[in-house]
Amino acid sequence: MRGRSVGLTIVQIAALSSLLFVCGTAAKTWFPGPAIEPQPSLSGSVADQQARPLPGVMITAKHTQTRISKTVFTDNAGRYSVPELSPGTYSLRAHKIGFDDQIVDTIELTASSKKEFRLLPKEDFSNQMPASEWFATIPFSSPAEREQFKLDCMVCHQIGSPQTRKIRDEQQWSGVIKAMRALYAQAAETPAAIQTDKRRIEILSAWSKANKPHFKLPPAVTGEAARTIITEFDIGREDSYCHDLEVDRRGIVWVVDIGQDALYRMDPRTGKTNTYQIPAGDSQKIPWSYSGYNTHVGPHSIEADEQGRLWITLAFGNKLAMFDPATESFRTFTVPAPGVYPHTLRVAKDGTVWFTLYISGHIGKFDPKTERFTLYTPPTPGGTHYGIAIGPDGMVWYSQLYGQRIGRVDPKTGSITEFKTPGLGPRRLEVDSKGIVWIPEYGAGLLARFDPSTKGFKEYPLPTGTSGEAPYALAIDRDDKIWICGTISDTIMKFDPTTSKFTVIPMPEGVTFTREIEFDYSASPMTVWSINSNDPPTHIEGKQPRLISLQFR
């Protein structure tokens, strides 16, 4: 407390204390408050059968009623501590690649519960390995063939996950590829595509017939990654396709569900979720990848403006939507021709909404004040305009997934400049505080840096492996650290540009296909958020989309 100092003598303090005692005794109105129950916690250690400590073991405590789970890692001495759990009954899992999982189905946690684990080694741990490791074993004839396969067959889900590593013969692989090609407009069955498919069927069939690959054990999770606390929340339904998320200034998490045309509001403090159905208008139901979906407008990307309103691209409805949390109401705005398929959006400081149009290949601008659209036509044809970001100077950057391009739009003049990326598949790019553009190269499996002042690129191999990895998106925090979706490796990575050091944080669930990362600065320390949005959700280990938060101790 700042202000004037009050200097009391010992006698004055004694007199004041006596007065307070007398007043309190005379009134006799003191009531004890309700007893505060200490929050349950869980701690213990993990060792192998020879009692040797095991570092980097995932310990997951999952509440049986709320299904909220919290995961920590053991330290170098094999010790762990799961803090601040809610009262109730939990299931526990100790997981480390190379060992059998140890599961406790039911345990009532108290203020200081203890649980020791002893893990048995697993001779064949191949099925514990992430999809990235399996995909790297497919015998493509060249890196270019492998990278193109990633872009054609892995844009919405993993290849190498348990559901896709099943043994299939040529006829079965032919049926899979034919069915997938029929789902997507950009995958037309041309003579060239037929030849490509034939080659891919041969490769995948040979992969299926081969003996199960042998893998090396991954290194133990240590250092900063081992100090991560991962909390996961169910979001949507088992037949939801929860694509993107946004965290508002109060720490509330908002999620769009393409599969069910829904917007979800989740309060991390309580885990409570509210559902808002997005109006379909005259949009018809879309028959597509998974029979459980009920898609008419297809909400895809979501961002908040300075007023707290939420802007959403409705990809199949060809509209933008605005949701006002204060009134809990939607407004929609139809994208004018020739724009088709609004994809990813960002909101500029002046409130202007910028977005990509994936199919028609435009960059869109919407002015909420005038409710007018402007469409810009980039010089490279072919569509697939994907990520979008706004730099500190107001320049608008975008990526062209199949065009191997990034571009810059000058909002003042409307001029567009494009640059060819060194790697294939630039996806959801971002711009740091210095104006440097950071690009996840999905096909190449690399992180790229572009300096507009020198027009120079620099690529960084990802520690999860270039052959099998495919980074979907990245985000940049206030300290210009780069956070990257390890979309095929079930990881989230942090990259420090000043040291070129990566930190790899494994996720608790298999088939954690992440597409976006957000930050909550209302929490201390900062919380990193992402979402498991594999399409279809039945491939996810828990068969359910989940929100993921990372906190650090």
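No value in this document is a laboratory result; all are computed from the given coordinates. Nothing here was measured: the structure is a model prediction, and the numbers come from that model. Note that we place each Cβ from the backbone using ideal geometry, even for glycine, and neighbour counts take in every protein chain shown.
A few comments on the model shown:
- Percentage, to the nearest whole number, of Cα pairs in the stretch 127-209 over 19 Å apart: 33 percent
- Backbone HN-Hα couplings from phi across the stretch 409-421 [Karplus 6.51/-1.76/1.60, Hz, Gly and Pro as x]: 10, 8, x, 6, 10, x, 6, 10, 10, 10, 9, 7, 7
- Glu202/Thr110 FRET efficiency (R0 56 Å; Cβ-Cβ; nearest 0.05): 0.45
- Span per principal axis, largest first, for the Cα atoms of the stretch 284-385 (Å): 38, 35, 18
- Full-extension gain in nm, Ser467 to Thr417, via 0.36 nm per residue minus C-alpha separation: 14.9 nm
- Considering all different alpha carbon pairs of the stretch 42-123, the Kirkwood hydrodynamic radius works out to 12.7 Å.
- Candidate values (i) 1.03; (ii) 1.06; (iii) 0.96, label of the one derived for Rg/Rh (Cα atoms, Kirkwood Rh): (i)
- Qualifying GluC sites (Glu not before Pro) in the stretch 301-378, where qualification requires a DSSP coil assignment and no more than 13 other C-beta atoms within 10 Å, comprise Glu306, Glu328, Glu371.
- Sites listed here are trypsin sites (Lys or Arg not before Pro) in the stretch 392-457 whose DSSP assignment is loop and whose Cβ has at most 16 other Cβ atoms within 10 Å: Lys412, Lys434, Lys455.
- Hull-based mean projected area of the stretch 402-553, where the convex hull spans the alpha carbons, in square nanometres: 10.3 nm²
- One Cα centroid belongs to the stretch 66-86, the other to the stretch 356-419; the line between them spans 44 Å.
- Of the cross-linked pairs Lys150/Lys501; Lys70/Lys272; Lys420/Lys455; Lys150/Lys178; Lys434/Lys481; Lys365/Lys412, those separated by over 19 Å at the C-alpha level are Lys150/Lys501.
- Structural descriptor for the chain: relative contact order 11 percent, calculated from alpha carbon pairs under 8 angstrom and at least 6 residues apart.
- Rounded to the nearest 10 degrees, the inclination of helix 191-209 to the longest alpha-carbon principal axis of the chain is 50 degrees.
- Of the trypsin sites (Lys or Arg not before Pro) found in the stretch 292-391, the ones in coil according to DSSP and having at most 14 other Cβ atoms within 10 Å of their Cβ are Lys349, Lys369.
- Only helical runs count toward this figure. For the chain, summing -39,500 (n - 2.57) over DSSP H runs of n ≥ 4 and dividing by all residues gives -4000 deg cm²/dmol at 222 nm.
- Each Cα pair under 8 Å and six or more residues apart adds its separation to the average, and for the stretch 42-123 the resulting relative contact order is 35 percent.
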